1. Just to verify a number: FRET efficiency for residue 81 and residue 113, C-beta to C-beta distance, R0 = 30 Å, to 0.05?
2. Could you state the per residue volume, in Å³, of the convex hull enclosing the Cα atoms of segment 39-114?
Amino acid sequence: MASTDEAGDRACERSEETLSAQQVCLALQRRAAGAVGEGGAPVEPREIADLRRAIRPVDHRVFDGAFDRSAIDGSDLSLVERAVSRRVLSEVDFRDWAAVDSWTDGIAGRLSSSSLFSGTGARKLTETP
């Protein structure tokens, strides 16, 4: 019998195969303002870079998120990190809804002008090419 981790890994691999065969736009949200690298550019977590390479999205963005103290207990933080977070960090919202709207408007524009939704090439999003 396969372990839960092995079953999860296989499910992820199947999803990656399916997604890599589709035109996918990938939007990710960091919990709050993320780490920045040289020149102020956001640092992409390794897991996200791996996912991007696996599914090859036609577009992707990482948006800053919000920090919600009520989510601390359900997080993967250690006991010490949770205690410090509760005492030191204040709730904050870095989400830029105008940036999200702009990005999704661009996707909608590309979709409306593509053969995905027009003429004889029209198909349901759930169908494979």
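Coordinate-derived values only; no laboratory data. If you're wondering where the values come from, they're calculated on a predicted model, not measured in any experiment. FYI the Cβ positions are ideal-geometry reconstructions off the backbone, even for glycines, and counts take in every protein chain you see.
1. That gives a FRET efficiency of 0.05.
2. Taking the convex hull of the Cα positions in segment 39-114, it is 161 Å³ per residue.
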